[in-house]
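Asks: Supplied in structure tokens, the structure appears directly below.
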């Protein structure tokens, strides 16, 4: 190991820039730690105590000190060169012309620079979000609240105010939306078309919009409601407003609703409003019996994939069609060859999700085919994992759950936790299938396949050393116009031995069929 | 392009001056006044005033400014070398930065601010959690290094010992990440807490004056920007957010107090939170609270 430091005279950078800078340097090859602080006596002493500096060095408190710890001298020297270049670069908002545009510090200042804006996206710590949303509403702006941890009372108050003033509040905890073709939060680049989506589920919205895109269709709007909107207390205010808006939108031919089952009173209101729209409506209330939803112009379906297909068929003026629980032939043919690769001890599916709705849908579908499936978000309390860090028999884990994301980025961005879990599952002789979701789009990791493949290969190596083979099943939720390059991501995963299906539902059924067929 | 300053701090010269650009940030820049060891700050904000600040509330389309470039103020308008940008100081209101006094009991307010502060620090994953200063065993390295000196500040203020207080501050000055390091921000908040409880008590005034002298000497051990804030604090001059917090305590309205605390906490990356930490430390010393007593035991 090697450490080195560099002092840059009279250089000031704000704290956020320095934190981002330290992160960037840590990502460089061969670097373990990096720190950039003002070179005061006390900071130098702190670095010496922490072992990042071997001894005190002469410096002035007006200087910036960069300290790097890496595997060898060459790595740290290269990192210091890059670090100094990064720090000396002009602030990133200063364009080539040298004109620096100070970013707005408030909604009012934002409006001064963009007076025609009618929409605000709020992503602050939850305790500040409601106040900002209220300011925006008072300025006559629609609101998307990415923030969570907003109380239900605040949510009701904001949504009531918005409704009374003909405005829309998407959220709190609304991670995904596509408005006028612009992806917001975690969202994909989806073709424009004639299907309008309203969803209380982020990854549910991503799955249906991506499948619609892949089927050749497109969307008008994809409105997120936030996860609490369909609770009895909130009464589905945003979803009802969304249905009204899409009903009035001449470009929207078909309306698609996505949610876990709402409270019964809210479900009644939503279905009444959907019926009033007079347009064909597809409703996927994941876990609800489709027959209990289907009525008049409303088609209830069981899976997110069925919802996308039904909406596409209706948009093209076709019959909705009949949906089957059976595994399509293209995947059924893969079951036997996969089963033959397993040895006696390999019995279980281990499904490791970054998307919460994917995990929930997987649990519903796998539970129909397998005896019991354990989870951190189980369908029945008796199947709750006693220790979420260790799988029990068939297990499906939502790694986006708060339990796993405390102090670390979401697993759609940061793959370390899931990769560690893949290795852990590979060491378990009872693991037969590892199932993975791979989510593309804005907000997600720019190379998810690249992140996952080293762990997949390592897992296969571990299994091979114990004379086992693990079957990897997955699906990619994305479109060909997403920034990650869908085709390339799928190629990389297939080359690493992952069997890819086109949807979460088919991945769940295939994984269950492989372990059932033994 | 000429912008109108909304407010200027009392430390900003009213007459002509020459200056150079000392540092440039995304939403502020610092000017070093020629012939003075003094910085003034031009900042974009819709509400935040500083004793050394010139506040504008519009996006600043600054033409190619460079560190070391010249700025001159003539007739109340600041102009910059190689840039059409000008800032008109005439007619801007003056921010004095003097703190209101706290006379009554503060124990309830202290607890509310303390709880709001710690919750905010935990949620924002701040480098420093105030409570950990008093339970440092499993705290990060920075907190452990600050823990003893912060306790030292309290003990020294309780017995009006400015020399012991300066010794404690010596271990904090310049310590921590950022342009205004955590240790400095705590000391600035500490000074605010002392000043607002000054009242007419001679022992307190003597303590502040003597500790101020010690802190002034120590301020040379931190960087020029942070030193500016500390030197204003020594003179009893603070930001509008600190004044707002003390006014909220005086008003005795819990909702307003929480709002003012959160507003102050939003200043900088962690500067606001660190300043409140120091402020509460001073209040604990001179207006002893039962909440703090448990840590002393």
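Asks: What's the angle, to the nearest 10 degrees (0 to 90), between helix B:202-218's Cα axis and the longest principal axis of chain B?
Replies: The two axes meet at around 60 degrees.
Asks: Moving on to the next point. Can you tell me what share of the DSSP beta bridges in chain A is antiparallel? A percent to the nearest 5 is fine.
Replies: Within chain A, antiparallel bridges account for around 30 percent of the total.
Asks: Just want the ordering: A:358, A:21, from fewest to most Cβ atoms lying within 10 Å of their own Cβ.
Replies: Fewest to most other Cβ atoms nearby, the residues stand as A:21, A:358.
Asks: Right, another one. Hey, what number do you get for chain A at 222 nm if only DSSP H runs of n ≥ 4 count, each worth -39500 (n - 2.57), divided across all residues, to the nearest 500?
Replies: -12000 deg cm²/dmol
Asks: Quantify how strongly other chains surround peptide A:54-65 by giving the mean number of their Cβ atoms within 10 Å of each of its Cβ atoms.
Replies: 2
Asks: Can you give the FRET efficiency to the nearest 0.05 for residue A:56 and residue A:139, using r as the Cβ-Cβ distance and R₀ = 60 Å?
Replies: Efficiency, rounded to the nearest 0.05: 0.65.
Asks: Further question on the same structure: Please compute the average number of Cβ atoms from other chains found within 10 Å of each residue's Cβ in peptide A:114-127.
Replies: 1
Asks: Mind giving me the nanometre distance, one decimal, between the label points for residue A:494 and residue B:201, set 7 Å out from Cα along Cα→Cβ?
Replies: 7.8
Asks: Fewest Cβ neighbours within 10 Å first, please rank A:252, A:176 accordingly.
Replies: Sorted ascending by nearby Cβ count, the order is A:252, A:176.
Asks: Quick check: Cα centre of region A:180-236 to Cα centre of region A:380-416, how many Å?
Replies: 25
Asks: When the chain is fully extended, how far beyond the present Cα-Cα distance does residue A:33 get from residue A:156, taking 0.36 nm per residue of separation?
Replies: Length difference between fully extended and current span is 39.8 nm.
Asks: What's the center-to-center distance, using Cα atoms, between region B:14-30 and region B:121-199 in Å?
Replies: So the separation of the two Cα centres works out to 29 Å.
Asks: What three numbers, in Å, describe the spread of the alpha carbons of chain B along their principal axes, ordered from the longest?
Replies: Cα extents, longest axis first: 61, 40, 38 Å.
Asks: What is the distance, in nm, between label points placed 7 Å from the Cα along the Cα-to-Cβ direction at residue A:124 and at residue A:191?
Replies: Spacing of the two 7 Å Cα→Cβ label points: 4.1 nm.
Asks: Under the definition of Cα pairs under 8 Å and six or more residues apart, what whole-number percent is the relative contact order of chain A?
Replies: So the answer I get is 10 percent.
Asks: Still on this structure: Once the piece of chain linking residue A:117 and residue A:487 is laid out straight, how much longer is it, given 0.36 nm per residue of separation minus the C-alpha distance between them?
Replies: 129.6 nm
Asks: Once you keep just the Cα pairs under 8 angstrom separated by 6 or more residues, what percentage relative contact order results for chain B?
Replies: The normalised contact order for chain B reaches 20 percent.
Asks: Quick check: the angle from helix B:271-286's long axis to the longest principal axis of chain B, C-alpha only, nearest 10 degrees?
Replies: The angle comes out at about 40 degrees.
Asks: Something else: Which of the peptides B:258-271, A:445-458 is most tightly packed, and how do the rest follow, judged by the mean count of other Cβ atoms within 10 Å per residue?
Replies: B:258-271, A:445-458
Asks: Rounded to a whole number of µm²/s, how large is the Stokes-Einstein D of region A:105-173 at 25 °C and 0.890 mPa s, given Rh as the Kirkwood radius over C-alpha pairs?
Replies: Approximately 208 µm²/s, per Stokes-Einstein.
Asks: Also, I was wondering about something else. Can you give the angle from 0 to 90° between the axis of helix B:182-196 and the longest principal axis of chain B, with both taken from C-alpha atoms, to the nearest 10?
Replies: 80
Asks: I would also like to ask the following. Which percent, to the nearest 5, of DSSP beta bridges fully inside chain B are antiparallel?
Replies: Of the beta bridges lying entirely in chain B, close to 70 percent run antiparallel.
Asks: What shape does region A:367-488 have by the C-alpha gyration tensor, where a ≥ b ≥ c are the square roots of the eigenvalues, rounded means a/c under 1.5, and otherwise prolate means a/b greater than b/c and oblate the rest?
Replies: oblate
Asks: Looking at the protein assembly as shown, what % of the alpha carbon pairs are farther apart than 51 Å?
Replies: 25
Asks: Please give, to one decimal in nm, the separation of the simple spin-label points placed at residue A:289 and residue B:115, each 7 Å out from Cα toward the Cβ.
Replies: Between residue A:289 and residue B:115, the simple spin-label model gives 4.7 nm.
Asks: A further question on this structure: If each residue's Cβ is checked for other Cβ atoms within 10 Å, how do A:323, A:475 rank with the fewest at the top?
Replies: Fewest to most other Cβ atoms nearby, the residues stand as A:323, A:475.
Asks: Here's a follow-up. Equivalent-ellipsoid semi-axes (√(5λ), Cα gyration tensor) for region B:2-95, whole Å, largest first?
Replies: 17, 15, 13
Asks: What is the mean projected area of the alpha carbon convex hull for region A:451-514, to one decimal in square nanometres?
Replies: Convex hull of Cα atoms, orientation-averaged projection: 4.6 nm².
Asks: Okay, which of region A:219-233 sit inside 17 Å, backbone N to the point 7 Å along the Cα-Cβ direction of residue A:272?
Replies: Of the residues in region A:219-233, A:230-233 have backbone N under 17 Å from the label point off residue A:272.
Asks: Sticking with this one: Give me the percent relative contact order of region B:2-95, please, defined on Cα pairs under 8 angstrom at least 6 residues apart.
Replies: 38
Asks: Okay, moving on. In whole angstrom, note down how far apart the Cα centers of region A:31-82 and region A:274-329 are.
Replies: 60
Asks: If you wrap region A:178-323's Cα atoms in a convex hull and average its projection over all directions, what's the area in nm²?
Replies: 7.3
No lab work stands behind these numbers, since they all come straight from the coordinates. Just so it is clear, the structure is predicted and the values come from calculations on it, not from any experiment. Positions of Cβ are backbone-derived with ideal geometry, glycine not excepted, and every protein chain shown enters the neighbour counts.
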